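Below: the structure, in structure tokens.
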Amino acid sequence: FSEPEARAVAALVRDHRVALVVNLHGWGNSITHPFGYSSADTIAGKTPLALAQLLLYRQWSAEMSAFNGFVYGRAWETVGYEANGLPDDWAQGEVGVPSLTVELGSARDG
């Protein structure tokens, strides 16, 4: 982690019994979940996201977006491209903690 704030959050997640990580980011009106850097669903050659995990992420995301119409899925499903360095990939892949990113707002919001 290059920034002290990111290192502090990583330490918090590693050192405490965190059950879920929710990242807030702008903009996009979407909800993303692991693994965003590869359409192969792997992180650093580790075990791919299990189907049960994928379905659970989809269920959570569908419930979270039921009233706001946010799109949801992995990075290439929501923004149209694979993305490296996502906090969701790190939390799920390295620490085993489920993680979602909520992209708030749209280009019209400034």
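Throughout, read-outs are computed from the coordinates displayed, never taken from laboratory work. Everything quoted here is computed from the prediction, not taken from an experiment. Every residue, glycine as well, gets a Cβ built from its backbone with ideal geometry; the counts of neighbours run over all protein chains shown.
Let me check against my output: what whole-number percent is the relative contact order of the chain, with C-alpha pairs under 8 Å and at least 6 apart? Please report the intermediate quantities before stating the final value.
Values: 161 pairs, mean separation 49.0, N = 110.
Taking the mean separation of contacting Cα pairs over the length of the chain, I get 45 percent.
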Task: Cα-derived Rg to Rh of the chain, Kirkwood definition - done: 0.96
- [ ] Answer rounded, prolate or oblate for segment 52-110, using the Cα gyration tensor with square roots of eigenvalues a ≥ b ≥ c: rounded when a/c is under 1.5, else prolate when a/b is larger than b/c, else oblate.
- [x] oblate
Task: Packing-based ranking, highest mean first, of 3-11, 27-35, 96-104, 74-82 given that Cβ atoms within 10 Å are counted - done: 27-35, 96-104, 74-82, 3-11
